[in-house]
Amino acid sequence: MDRSSRDADFSEFAAAAHSRLRSTAYLLCGDWERASDHVQEGLIRVYVAWPRLVRRGGELAYARKAVVSAFLDASRKRSSTERPSEVDSERPSGEDVAAQVSDRAVLMAALARLPERQRACVVLRYFEDLDVRDTAVALRCSEGTVKSQTSRALASLRSMFESASRDELAVIGEGSLPW
């Protein structure tokens, strides 16, 4: 396969997978712009490995793993000097049906309070619908680690929801998100 057809295949894959990868990245980091950055970094990693991936298959799994790794790598780099210069006019407004907004805010606040590894386990297991083995592969850890981190995360989420009302969780989440 020549380089131009390989590039065309990669471009087609990237266009098809971008939306799903960006949604996953958003659930991990809580910011659409940073999610785009994580997806871009992940797709760069996929492009580098593309010839090997096409022979073996599993392009989407590798891309998901690359995006999660980009998120985890970025979360280790606590400081950032990048600041947005203007409002993105293409970004959808935050207006939505009140109940959906409230539910989403509560969920995002609760997810934000989880440690990064636990958050990654919950997002991959329950939002991406991966099994334990695939989650362990994506996070480069053992299946036992995925099970224990997921269990701890669910216990923490349960405790948060039992100890605070929905309104309290939403208020706690506002302004204190680690994202």
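Summary of values
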item	result
Residue, modelled with the lowest pLDDT, within the stretch 106-127, restricted to residues that are assigned to a helix (DSSP H, G or I) and open to solvent by 40 Å² or more (accessible area, probe 1.4 Å)	107
Counted residues, the stretch 153-179 - those being closer than 20 Å to residue 30 by Cβ and at pLDDT 75 or above	6
Among (1) hydrophobic (A, V, I, L, M, F, W, C); (2) assigned to a helix (DSSP H, G or I); (3) modelled with pLDDT of 75 or more, the one test that residue 130 misses	(2)
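Quick grid of which residues meet (1) modelled with pLDDT under 95; (2) among the basic types (Lys, Arg); (3) outside any helix (DSSP H, G or I):
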position	(1), (2), (3)
4	yes, no, no
18	no, no, no
26	yes, no, no
39	no, no, no
49	yes, no, no
52	yes, yes, no
62	yes, no, no
70	yes, no, no
80	yes, no, yes
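The values are calculated or read from the model by the stated rules, or taken from the named source; none is laboratory data. All values derive from a computational prediction rather than experimental measurement. A quick note on method: Cβ atoms are made from the backbone with ideal geometry, for glycine too, and the neighbour counts reach across all protein chains shown. Accessible surface is based on the protein model in full, side chains and every heavy atom, while ligands, DNA and RNA are left aside. Shrake-Rupley method; radii C 1.70, N 1.55, O 1.52, S 1.80 Å.
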